[in-house]
Amino acid sequence: MREVKAHERRSWPFMMTKHSHLIDMVAVILLLIGGLNWGLVGLFGFDLVGSMFGEMSAFSRIIYVLVGLAAIWRIVCWVKCKK
């Protein structure tokens, strides 16, 4: 087991564990999907997620919610990291 450095000693959910690293990676992937989707919507009026899974289908809505939660997760992490 590796030694935890002083800057890593933070309370959950901000300590870097294998789980939080995985959550961060998933959050970044979801943010990339959301950003690309919004770029396509803005440039071409094309909703990639909606076209793949159905306009406002249950699965599309789950993806939109997950993208929103990923954004909230990253905002909170960035604010905590600046302290």
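Read-outs: derived from the displayed coordinates by stated rules, not from any lab. All of these numbers come straight from a predicted model, not from anything done at the bench. All Cβ positions, even for glycine, are placed from backbone atoms using ideal geometry, and neighbour counts span all protein chains on display.
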For a protection proxy built on the mean count of beta-carbon atoms within 10 angstrom, sort 39-48, 21-30 highest first, please. 21-30, 39-48
Calculate the spin-label point distance for residue 40 paired with residue 75, positioning each point 7 Å from the Cα along the beta-carbon direction, and give it in nanometres. 2.5 nm
